[in-house]
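**Student:** Sharing a structure, written as structure tokens. Questions coming.
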Amino acid sequence: MVAILFILFLALIILGTPIAVSLVSSSLTYLMGATTIPLTVVAQRMFTGADSFPLMAVPFFIVAGVLMESGGISKKLIRFADACLGHRTGGLAMVVIVTSAFFAAISGSSAATVTAIGMIMIPAMISKGYDRRFAAAVQCCSGQMGIIIPPSIAMVVFAVSTETSISDMFKAGFIPGIFMAICLCTLSYFVCKKRGYVGSEKSTWKQRAIAFKDAFLAILMPVLVLGTIYAGVCTPTESAAIAVIYAFVLGKFVYHELTWKKVIKQFADAAITTATILFLIACACVFAWVLGRLNVPSQVAAAITSIAHNKIVFLLLVNLLLFIVGMFMDVAPAITILAPLLCPVALGFGINIIHFGIIMVVNLAVGLCTPPVGINIFLSCQIAEIPFTAILKDILPFLLVLILVTLAITFVPWMSLALL
């Protein structure tokens, strides 16, 4: 039955069926064909999977992200980063990376980061003589930091799926995210130097001070959100709600770029995105429950331990598995299905559960930049107005660096655990 379940699931995906529908359809087929369990259990499991207080942070972070995008916050961050880095070789590429890291520290979403920063920076890079394929590649691989640098929707999903601390996951994501940003900036510098992409005119210290003053309240936002969590003043869900209020006040009454028409549209877009994510999680919970009934977690544990006789081999296998899964599956359902299967095995090898969570999130984040279904590639190509295949050559060096960074995060636990 396990083989039939997975074959049906994969067949539906190959046929172009949405992942959520594929998950619940294959589960329904098993329940109807091999059990006498009433199908009402599917609705019950879907409701139970989405009925979680910590998951309420997801819609709040999504709303905060879209309000930042339309409220002028991303523009302020870009101007400040450009004032500091724009004059260097490949300066605009570095501005994309650094600004994406700042935006990631607020939005928690990879797609939101690519869209908010890419809509401004990709045309700016093209106008300054950068190849549009390179511009799209830089934004694509920078955007995936949206789910690595906290707060992160993916980390919330992992913490809920494994009953671990969301705040600990957020703390663990800081150093890996910053390390990744530094590595991407270093690669961009050498690529731009080779291609002759020079920087713009150097900003004066006065201009930098003005840019910092304009962006200060935007920079303060992640400090406010994460500071209240780490200080124990707010839960992650409450802190996410504060982020929404802060983003609204900043965009509406300070930067004066938010109109009520924009607010209504952004709330509608956020509702659709939230519904999509939670529906994916709900369907993945049904699939995970079916796997539990079929005793798949024990079988997976036995299969892995029979191959991997030590922690190093296990981690290499996990990285390979997650990299392949990330190429085909969205982050939320992948975590919901795989985390309960792999975490017990990881604990058996003495791997810290928080460190393992960061390994999962980073691997699946890289998957957002890989064909055939990497959402960041599609978004970046759409903004740059190039076909999907045009970006592949330029994105390859960035993917190689991201894979090396992932291996470093995997085998150097200190990066994830130093702040705990």
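**Student:** Would you work out which of VAL286, VAL296, THR204 lies farthest towards the positive end of the dipole of the chain, given +1 charges on the beta-carbon of Lys and Arg and -1 on that of Asp and Glu, about the Cα centre?
**Tutor:** Among VAL286, VAL296, THR204, the one farthest towards the positive end of the dipole of the chain is THR204.
**Student:** Same structure, new question: With springs connecting C-alpha atoms under 10 Å apart, model the chain as a Gaussian network and identify which of LYS206, LYS128, LYS171 has the largest mean-square fluctuation.
**Tutor:** LYS206
**Student:** How big is the range 14-167 in terms of Cα radius of gyration and Dmax, in angstroms?
**Tutor:** Final numbers for Rg and Dmax: 20.3, 68 Å.
**Student:** Then there is this: 5 Å is the cut-off here: which amide hydrogens, built 1.01 Å from N in the peptide plane, fall below it relative to THR89, excluding neighbours closer than 5 in sequence?
**Tutor:** When sequence neighbours closer than 5 places are left aside, the close amide H contacts are GLY199.
**Student:** Over the chain, with the other protein chains present, what is the accessible area per residue in square angstrom, probe 1.4 angstrom?
**Tutor:** 42
**Student:** What is the angle, in °, between the Cα long axis of helix 205-230 and the longest principal axis of the Cα atoms in the chain? Nearest 10 is fine, range 0 to 90.
**Tutor:** 20
**Student:** If you average the C-alpha positions of the range 33-86 and of the range 226-248 separately, how far apart do those two centres end up, in angstrom?
**Tutor:** With the range 33-86 and the range 226-248 each reduced to a Cα centre, they are spaced 15 Å.
**Student:** Please identify, among PHE328, PHE253, PHE287, the residue showing maximal mean-square fluctuation in a Gaussian network model of the chain using a 10 angstrom Cα cutoff.
**Tutor:** PHE253
**Student:** Also, I was wondering about something else. Measure nothing but the geometry: give the 0 to 90° angle between the long axis through the Cα atoms of 260-293 and the longest principal axis through the Cα atoms of the chain, rounded to 10°.
**Tutor:** Tilt relative to the chain: about 30 degrees.
**Student:** Ok, one more. Could you derive backbone 3J(HN,Hα) for the range 413-420 from the dihedral phi with the Karplus parameters 6.51, -1.76 and 1.60 (θ = phi - 60°), listing whole Hz in sequence and x where the residue is Gly or Pro?
**Tutor:** Whole-Hz 3J(HN,Hα) from phi for the range 413-420: x, 3, 4, 8, 10, 4, 8, 7.
**Student:** State to the nearest 20 debye the size of the charge dipole of the chain about its Cα centre, where the only charges are +1 on K and R beta carbons and -1 on D and E beta carbons. Working shown, then result.
**Tutor:** On the way: 23 positive and 14 negative charges, 218 e Å.
In debye, rounded to 20, the chain gives about 1040.
**Student:** For the chain, modelled as a Gaussian network with Cα springs under 10 Å, which listed residue fluctuates most, ASP214, ASP168, ASP51?
**Tutor:** Among ASP214, ASP168, ASP51, the largest mean-square fluctuation in the Gaussian network model of the chain belongs to ASP51.
**Student:** Also, quick follow-up: First compute the accessible area of the chain with a 1.4 Å probe, then give the percent of it belonging to carbon and sulfur atoms.
**Tutor:** 70
**Student:** If you average the alpha carbon positions of the range 281-353 and of the range 197-222, how far apart do those two centres end up, in angstrom?
**Tutor:** 44
**Student:** For the Cα atoms of the chain, what angle does the longest principal axis make with the long axis of helix 132-143, in degrees from 0 to 90, nearest 10?
**Tutor:** Relative to the chain, helix 132-143 is tipped by roughly 60 degrees.
**Student:** Here is a further query. Keeping all protein chains in position, work out how much accessible area GLU385 exposes to a 1.4 Å probe, and write it in Å² to the nearest 10.
**Tutor:** Probe radius 1.4 Å; accessible area of GLU385 about 150 Å².
The values are calculated or read from the model by the stated rules, or taken from the named source; none is laboratory data. Nothing here was measured: the structure is a model prediction, and the numbers come from that model. Glycine gets a Cβ as well: all are built from the backbone with ideal geometry, and neighbour counts include every protein chain shown. These area figures cover heavy atoms from the full protein model, side chains too; ligands, DNA and RNA do not enter into them. Shrake-Rupley method; radii C 1.70, N 1.55, O 1.52, S 1.80 Å.
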